[in-house]
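The values are calculated or read from the model by the stated rules, or taken from the named source; none is laboratory data. Just so we're clear, the structure is a prediction, and the values are computed from it rather than from any experiment. Every residue, glycine as well, gets a Cβ built from its backbone with ideal geometry; the counts of neighbours run over all protein chains shown.
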Amino acid sequence: MASTPLAPATPRLPGSRARRTRRSGGVTPRSTQVRWIVVSIVVWAVALLFLMPFAWMLVSSLKRDIDVFRLPIRWIPDPISWASYEKIWTGPYPITRYMGNSVLVAIARVIGEVLTASLAAYAFARMEFRFRNVIFVLYLATMVIPHQMLLVPRFILYRQLHIYDTLWALILPGIFTVFGTFLLRQFFLSIPKDLTDAAKLDGASEFQCYSQIVMPLAKPAIASLCILAFVWSWNDYETPLVMLTTESNFTIPLGLTRYMDEGGGFSPSLIMAGAVSSIIPVFAVFLVLQRQFIAALARSGLKG
């Protein structure tokens with residue numbers, strides 16, 4: 001039996017694969033590598049641009065006052081002076097006192113805000129009640145009220161409650177925030193409702209659903225709120241300026257003004273040393289919660 005001759009194979013042209021890649025919208029490995037190199041260069045350039053002021057602040061804290069504003073900028077201090085840090089930490093106005101007050105206020109505000117905001121967010125996101133959306137919109141509308149308009153009413157109220165010039169005057173306003181409720185509510189809405197419905201069928205109460213199901217799943221959002229609340233409390237200058245008069249109650253932003261004389265003069269290296277010292281707790285908080293914070297950003301990106 002005669003065998004059927006096979007059809008000759010069609011020769012592949014060298015550029016056929018590249019043409020198919022271009023037509024299908026694909027990216028060749030070389031172009032991918034070039035793209036990532038370009039993106040990395042841009043990201044590093046932007047990062048260095050943002051880090052430059054912090055680097056100048058750190059370098060200036062190790063200089064003498066006469067060398068801080070000298071041009072061109074000397075990025076390596078010569079000589080290196082630790083006198084400003086010694087005065088900041090062991091001088092007549094030690095920064096440890098102000099830092100302790102700031103840490104106490106920030107931790108109390110973070111704990112209180114997470115507790116109140118999570119409870120309110122759970123109610124708005126998972127519970128059904130009449131006029132729920134209307135109440136939530138009205139609650140959000142209070143965000144348009146400027147913070148400065150509330151200072152005088154709070155001042156009068158705290159004087160009557162005898163908590164003026166105490167740390168409670170700083171803690172109480174930060175415990176209840178609209179932003180924290182809004183942030184956690186949006187995250188709670190992304191959690192499947194079937195989880196809590198199944199728990200309720202097994203006899204779980206609303207508080208058990210909140211504490212044992214929703215809150216553990218919301219760790220990234222809670223970490224983000226903790227970081228933001230801590231930074232806002234740590235950097236708050238206006239509220240302590242109005243509510244505090246006793247130096248022993250001063251927080252970091254208000255305490256740094258003690259390193260200026262009555263005529264407005266100041267030591268630039270001393271101020272820079274105080275600023276560098278003041279960012280250490282904020283940096284530590286971010287290092288502890290960065291994994292959860294990045295997870296929250298990734299989750300929000302995937303949702304989009």
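The set of residues from segment 237-254 being farther than 13 Å from MET99 by Cα, in contact (Cβ under 8 Å) with a residue 24 or more places away in the chain and either in a helix (DSSP H, G or I) or of a type in the set (Asp, Glu) (or both) comprises GLU238, THR239, PRO240, VAL242, MET243. Out of TYR259, TYR210, report the one residue that is of a type in the set (Phe, Trp, Tyr) and out of contact with any strand residue (DSSP E or B) (no Cβ under 8 Å at 6 or more places or on another chain). Of the residues listed, the single one that is of a type in the set (Phe, Trp, Tyr) and out of contact with any strand residue (DSSP E or B) (no Cβ under 8 Å at 6 or more places or on another chain) is TYR210.
Answer yes or no: is there a residue in segment 153-160 that is within 30 Å of TYR259 (Cα to Cα), assigned to a loop (DSSP other than H, G, I, E, B) and assigned by TED's automatic domain parsing to the domain that holds ALA275. No, the conditions are met nowhere in segment 153-160. Within segment 78-92, the set of residues being closer than 17 Å to SER277 by Cβ and not β-branched (Val, Ile, Thr) comprises SER81, TRP82, ALA83, SER84, TYR85, GLU86, LYS87, TRP89, GLY91, PRO92. Taken over segment 88-115, the criterion of being over 23 Å from PRO240 (Cα atoms) and either surrounded by 20 or more Cβ atoms within 10 Å (Cβ to Cβ) or at pLDDT below 85 (or both) is satisfied by THR90 alone. Where helices (runs of 4 or more DSSP H) fall entirely within segment 173-217, those with at least 1 residues that are aliphatic (A, V, I, L, M) and under 29 Å from the mean Cα position of the chain (by Cα) are at 178-189. Scanning segment 207-217 for residues that are touching a residue at least 40 places away in the same chain (Cβ under 8 Å) and either exposed (fewer than 13 other Cβ atoms within 10 Å of the Cβ) or among the basic types (Lys, Arg) (or both) gives no hits. So which pairs qualify, if the first residue must be in segment 190-206 and on the phi < 0 side of the Ramachandran plot, the second must be surrounded by 13 or more Cβ atoms within 10 Å (Cβ to Cβ) and small (Gly, Ala, Ser), the Cβ gap must be under 8 Å, and the two must be at least 6 apart or on different chains? Within 8 Å, the pairs are ILE191/ALA218; THR196/ALA204. Scanning segment 141-167 for residues that are within 23 Å of the chain's Cα centre (by Cα) and surrounded by 14 or more Cβ atoms within 10 Å (Cβ to Cβ) yields a single hit, LEU167. A count restricted to segment 255-284 and to residues that are under 15 Å from SER102 (Cβ atoms) and buried (at least 21 other Cβ atoms within 10 Å of the Cβ) stands at 4. GLU128 meets all of the listed conditions (1) of a type in the set (Asp, Glu); (2) loosely packed, with under 15 Cβ neighbours inside 10 Å; (3) assigned to a helix (DSSP H, G or I) but one, namely (3).
Tell me, yes or no, whether segment 104-119 has at least one residue that is part of a helix (DSSP H, G or I), assigned by TED's automatic domain parsing to the domain that holds LEU241, farther than 26 Å from ILE252 by Cβ and in contact (Cβ under 8 Å) with a residue 60 or more places away in the chain. So far as segment 104-119 goes, yes, one or more of its residues are part of a helix (DSSP H, G or I), assigned by TED's automatic domain parsing to the domain that holds LEU241, farther than 26 Å from ILE252 by Cβ and in contact (Cβ under 8 Å) with a residue 60 or more places away in the chain.
For segment 51-87, give me each residue that is out of contact with any Leu (no Cβ under 7 Å at 6 or more places or on another chain), surrounded by 13 or more Cβ atoms within 10 Å (Cβ to Cβ) and outside any loop (DSSP other than H, G, I, E, B). Matches in segment 51-87: TRP56, MET57, LEU58, VAL59, SER60, SER61, ASP65, ASP67, VAL68, ALA83, TYR85. Kindly evaluate TRP82 against the criterion of being over 30 Å from ALA223 (Cβ atoms) and free of Cβ contacts under 8 Å to residues at least 40 places away in the same chain. Taking the combined requirement at face value, the residue satisfies it. The set of residues from segment 171-193 being among the small types (Gly, Ala, Ser) and buried (at least 16 other Cβ atoms within 10 Å of the Cβ) comprises GLY174, GLY180.
Report, by residue number, each residue of segment 138-163 that is charged (D, E, K, R) and under 14 Å from THR239 (Cβ atoms). Across segment 138-163, the qualifying residue is only ARG154.
Any residue at all in segment 17-30 that's modelled with pLDDT of 75 or more, on the phi < 0 side of the Ramachandran plot and assigned to a helix (DSSP H, G or I)? The answer is yes, given that some residue of segment 17-30 is modelled with pLDDT of 75 or more, on the phi < 0 side of the Ramachandran plot and assigned to a helix (DSSP H, G or I).
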